[in-house]
Amino acid sequence: MLRYNRSFLLLSVFAVACYGQTRVPVYVYYESLCPDSAKFVNDQLYPAAKMFKNNLELHLVPFGKSSFQTQGSEVMFTCHHGENECYGNKVHACAIQHIQGNSFQPNISREDLTLDYVNCLMARAQLKDGEFPTKICADVVKIEQWQTIEECAKSTEGSQLLKQHGETTNKLQNPLTSVPTVAFKQTYDGELQKLSMSSFRHALCKNLNPQPVQCFDLPGSASAMSSFGFFITVVAAIASRMF
């Protein structure tokens, strides 16, 4: 049986690699100074996103339970954890907009750098030891655009970017019932929300079809025998393309 499981695992990897991997859009609605948001990003989202890099289309939405009003060309924000969070949300919005890959890290994508930076911001901001960690995290993650991000956050551009995240949030729920909120395919599901908070990896795997091998060790995942039907289907599909 052990030999069978190993053989099946290798064949599954080969089949998924040949046939293609599924990607699911995931929207994460969060706040820059929210302890629950920080715990979710640092403990659940970040490690899972690294593990499922090829299966996850991640959309970060830094707004949460904030609200906004427009006065002429100005946008005024009220944030769940006060004025400092409004600034922090703008830093996140500007980082998502402006971070770019760099020549000395050619194997690290823009998306990877953005996630690394947001993960650092969420961890460091909870320390509340002075200025928002815009530059500190840029140094840690090695991104070059920290000045652009800071200037953006202090300008009308940052306000407009945060307003866009507010509009995206309000399309899902206005206001959000909880922060953070996770929506697969930009659709709220109460059961998936609850599962995401306890095991985002499990929630992600429930939305992937076919499931990658990273899902096979989860409680309640398909067994090797029941997954064998999927393998046969994939092999048949590959064969039909070849002949």
**Q.** Residue count for segment 162-189, restricted to those that are closer than 21 Å to Glu111 by Cα and in contact with a Lys or Arg (Cβ under 7 Å, 6 or more places away or on another chain)
**A.** 1
(Q) Under 9 Å between Cβ atoms, which residue pairs at least 6 apart in sequence (or on different chains) link something in segment 69-91 that is without any contact (Cβ under 8 Å) to a residue 60 or more places away in the chain with a partner that is in a helix (DSSP H, G or I) and of a type in the set (S, T, N, Q)? (A) Met76/Ser159; Cys79/Asn89
Q. Counting just the residues of segment 126-143 that are surrounded by fewer than 16 Cβ atoms within 10 Å (Cβ to Cβ) and assigned to a loop (DSSP other than H, G, I, E, B), which one comes out nearest to the chain's Cα centre (by Cα)?
A. Lys142
Q) Out of the residues in segment 196-214 that are touching a strand residue (DSSP E or B) at 6+ places or on another chain (Cβ under 9 Å) and part of a helix (DSSP H, G or I), which is nearest to Phe52 (Cα to Cα)? A) Leu204
**Q.** Qualifying residue in segment 34-46 (condition: small (Gly, Ala, Ser) and more than 26 Å from Gln211 (Cβ to Cβ))
**A.** yes
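Among residues belonging to segment 172-183 that are buried (at least 19 other Cβ atoms within 10 Å of the Cβ) and either of a type in the set (A, V, I, L, M, F, W, C) or not in a loop (DSSP other than H, G, I, E, B) (or both), point out the one that is farthest from the chain's Cα centre (by Cα).
Among those residues, the one meeting the criterion is Leu176.
Here's the yes/no breakdown for (1) more than 14 Å from Asn89 (Cα to Cα); (2) at pLDDT 95 or above; (3) touching a strand residue (DSSP E or B) at 6+ places or on another chain (Cβ under 6 Å):
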residue: Glu144; (1), (2), (3): yes, no, no
residue: Ile149; (1), (2), (3): no, yes, no
residue: Thr156; (1), (2), (3): no, yes, no
residue: Lys163; (1), (2), (3): no, yes, yes
residue: Asn170; (1), (2), (3): yes, yes, no
**Q.** Pair list, Cβ under 6 Å, 6 or more apart: segment 144-169 residue part of a loop (DSSP other than H, G, I, E, B), other residue not acidic (Asp, Glu)
**A.** Glu144/Asn102; Gln145/His98; Gln145/Ile99
Q | Odd one out for Ala123 among (1) small (Gly, Ala, Ser); (2) surrounded by 20 or more Cβ atoms within 10 Å (Cβ to Cβ); (3) over 23 Å from Thr177 (Cα atoms) | A | (2)
Q: Enumerate the helices (runs of 4 or more DSSP H) found wholly within segment 1-119, keeping only those where 3 or more residues are open to solvent by less than 80 Å² (accessible area, probe 1.4 Å) and at pLDDT below 95.
A: 2-19
Q. Do we have any residue at all in segment 121-133 that's more than 18 Å from Pro35 (Cβ to Cβ) and at pLDDT 95 or above?
A. no
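The values are calculated or read from the model by the stated rules, or taken from the named source; none is laboratory data. Computed from a predicted structure; not experimentally measured. All Cβ positions, even for glycine, are placed from backbone atoms using ideal geometry, and neighbour counts span all protein chains on display. With ligands, DNA and RNA removed, areas are computed over all heavy atoms of the protein, side chains included. Shrake-Rupley method; radii C 1.70, N 1.55, O 1.52, S 1.80 Å.
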